[in-house]
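Heads up: the structure comes next, in structure tokens.
The values are calculated or read from the model by the stated rules, or taken from the named source; none is laboratory data. Note that the coordinates shown come from a computational prediction; the quantities given were computed from them, not determined experimentally. For neighbour counting, all protein chains shown are included, and Cβ atoms are generated from backbone atoms with ideal geometry for every residue, glycine included. All accessible areas refer to the heavy atoms of the entire protein, side chains included, with ligands and DNA or RNA removed. Shrake-Rupley method; radii C 1.70, N 1.55, O 1.52, S 1.80 Å.
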Amino acid sequence: TVCLLDGAQYQTRDYARGVVADAGRRAENDLVVVPYMPFLSFDATRVEADLAPFAALARAQGTYLSVALKEQADGKTYATSVLLDRQGKLAFKWRKTHAFPDDSGLALGDSLEVCRTDFGVLGATIGTDFYFPEVYEVLRMKGADILLWQHFPERFRDHSGWEPLLTARAFDSHVHL
């Protein structure tokens, strides 16, 4: 079972944790995926401490938890998704790799990797990565059978094309998205 949390207007880390905790009370999940929360961040040198509240939730619920937020590392800011395993340990970290010209201020990751879990092989994308079909094809070729996309809706972009485009990415790559 996978629980997808929709783009509720998160205000704080505590609110986001509350929504994840509520998802765990409703059902047992193998994976909980939280939308990208650009107003929350963690420091790469303090990953375990900064993500401890989310790790505690993953551990308590016995689920994998994917949380996407800003990461401060080496003087740069990245859009990063972390995957916490069922024990609350950092299983994997992905960084956004593709951007549009208006995505200023974010550094980009330089690798497309996958993570093996006990229910499948995951690949992840963040934000505008999904406009580039090659990203999904590379992740599929590396073994992903489940692809994650985490994003926070922008106020001035038309979102009506997202669902058909995401459906096309799943069909083209022969994976679950």
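The calculated FRET efficiency for GLU134 paired with ASP103, based on their beta-carbon distance and R0 = 25 Å, is about 0.90. The fraction of accessible area contributed by carbon and sulfur in the stretch 30-139 is 50 percent, rounded to a whole number (1.4 Å probe; ligands and nucleic acids excluded). For the stretch 66-152, applying the loop criterion from DSSP together with a ceiling of 15 other beta carbons within 10 Å to the trypsin sites (Lys or Arg not before Pro) yields LYS89, LYS142. The longest part of the chain holding none of the exposed loop chymotrypsin sites (Phe, Trp or Tyr not before Pro), meaning those outside H, G, I, E and B in DSSP with at most 15 other Cβ atoms within 10 Å, is 1-118.
Modelled spin labels at ASP74 and MET141, positioned 7 Å past Cα toward Cβ, are 2.5 nm from each other.
For the stretch 12-117, what relative contact order do you get, as a whole percent, if you take Cα pairs closer than 8 Å and at least 6 residues apart? Relative contact order for the stretch 12-117 comes out at 21 percent. Note on the stretch 86-177: Kirkwood radius taken over Cα pairs, Stokes-Einstein applied at 4 °C and 1.567 mPa s, translational D equal to 93 µm² s⁻¹. Taking amide H atoms as placed 1.01 Å from N in the peptide plane, the amide H of ASP103 has no partner under 5 Å among residues 5 or more positions away or on other chains. Let me know the number of lysine pairs in the chain closer than 20 Å at the Cα, not counting same-chain pairs under 8 apart. Within the chain, the lysine pair count is 7. With a cut-off of 18 Å on the backbone N, the residues of the stretch 75-91 near the modelled label site 7 Å out from THR45 along Cα-Cβ are 75-78.
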